[in-house]
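As structure tokens, the structure follows; a few thoughts come after it.
The values are calculated or read from the model by the stated rules, or taken from the named source; none is laboratory data. Just so it is clear, the model here is predicted, and its values are computed rather than measured. Neighbour counts run over all protein chains shown; Cβ positions are idealised from the backbone, glycine included. Just the protein is used for accessible areas: all its heavy atoms, side chains included, with ligands, DNA and RNA removed. Shrake-Rupley method; radii C 1.70, N 1.55, O 1.52, S 1.80 Å.
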Amino acid sequence: MAAVEIDLGKLPFDIDFHPFDHLVAAGLITGDLLLYRYNADSPAQKLLEVKAHSESCRTVRFINEGRAIVTGSPDCSILATDIETGSEIVRLENSHGAAVNRIVNLTESTIASGDDEGCIKVWDTRQRSCSHSFNAHEEYISDITFAADSMKLLATSGDGSLSVCNLRSSKIQTRSEFSEEELLSVVIMKNGRKVICGTQSGTLLLYSWGFFKDCSDRFVDLSPNSIDALLKLDEDRVITGCENGLISLVGILPNKIIQPIGEHSEYPVERLAFSHDRKYLGSASHDHLLKLWDLNELVQDSEDGAKNDSSAEDSDNDGMDVDDNIPKSSKGSKKKNVNKGPDPGSSNNFFAEL
């Protein structure tokens, strides 16, 4: 499958697509934020190049109906940038007490951020405040996803565990037992009944909703390399991006590799994302390329092939009670040392100017 290639010049850590326009943003190891306009008929046009952070730009997300982009960095700051002018709207210098590793959208007016010391914060853009803070893990937050119906945040971490944070009660509801390896990515599938985590060894761990203490199933034949990125295509299929550069479409229960989608010439895939119309799959890799894969043919083939799998049962019978207790970690630090900032003292005014 052919792809549109955008040479970013340096290693990208994250990408995000505009919610309704043909725009894609990338955060680079240099601290730069790039914004491109893309289409199928001509080369991508660079609209912005902003020196967003003094250290790397690890995470990027469009907010405020696409009018601004928030970025996070090991410099402990979160920055909001105007996409029209490239100007700084507001910068929170000490948003976290450690490197900001992940930002995800929750609703139209809320985002969540995770840092290298396992802290997760939820920011309310309308109330202009940090609404929740969870010390959920002891190592870096690798990924976050949101179950909107139950108002719960699920996060994976380098400490080898999966956490569930309840936004209604403002409490950490539960945390899984510690895996032998780092958990790197997470998606919710099967209409909310399954949680899928990518790991450092290339195994997918499957958890049943409400039974998070231990995984109910493992997909061990997927990849010999770490699964750094997961992107849900539908309730039965997920797209995986691996350290060996391969991008694959994978079926869940029954667990199988459906088809390869693309590759980055053995360079690790950092992030996967869909364009607003789901016409393109974006993939960012250590080869300095952002590739836009046309999904029209893939999605049609997937819809045709999925009909035979849709009746598959995923009755794994965990045999456990719903868990609410949180284990203590016995794992040591695996992640590289990062520059740590002071504990934020004025994090409630981040969106005061947005």
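Would you mind classifying region 225-286 by shape? Square roots of the alpha carbon gyration tensor eigenvalues, ordered a ≥ b ≥ c; an a/c under 1.5 is rounded, otherwise it is prolate if a/b is larger than b/c and oblate if not.
Oblate, since a/c reaches 1.5 and b/c is not below a/b.
What number does region 211-256 give for Rg over Rh if you use C-alpha atoms and the Kirkwood radius?
Rounded to two decimals, Rg/Rh equals 0.97.
Of the accessible area of region 166-254, with the probe set at 1.4 angstrom, what percent is carbon plus sulfur? Intermediate values should be presented prior to the final figure.
On the way: 1370 of 3010 Å².
The nonpolar share, carbon plus sulfur, comes to 45 percent.
Name the residues whose placed amide hydrogens come within less than 5 Å of the amide hydrogen of HIS286, ignoring near sequence neighbours (fewer than 5 apart) on the same chain.
Answer set, sorted by chain and number: GLU270.
Once amide H atoms are placed 1.01 Å from N in the peptide plane, what residues at a sequence separation of 5 or more from ALA229, or on another chain, have their amide H within under 5 Å of its amide H?
Distant-sequence amide H within range of ALA229: GLY241.
How far apart, in nm, are the 7 Å Cα→Cβ label points at GLU235 and ASP149?
Distance between the two pseudo-spin positions: 0.8 nm.
In terms of modelled amide H atoms, which long-range or inter-chain residues lie less than 5 Å from the amide H of SER185?
Hits under the 5 Å cutoff: GLY198.
Of all the accessible heavy-atom surface of region 1-101, with the other protein chains kept in place and a 1.4 Å probe, what percent is carbon and sulfur? Could the numbers behind the result be given before it?
On the way: 1760 of 3800 Å².
Accessible surface attributable to carbon and sulfur in region 1-101 totals 46 percent.
With a cut-off of at most 15 other beta carbons within 10 Å, and DSSP calling the residue loop, which chymotrypsin sites (Phe, Trp or Tyr not before Pro) in region 20-66 qualify? Please list them.
PHE20
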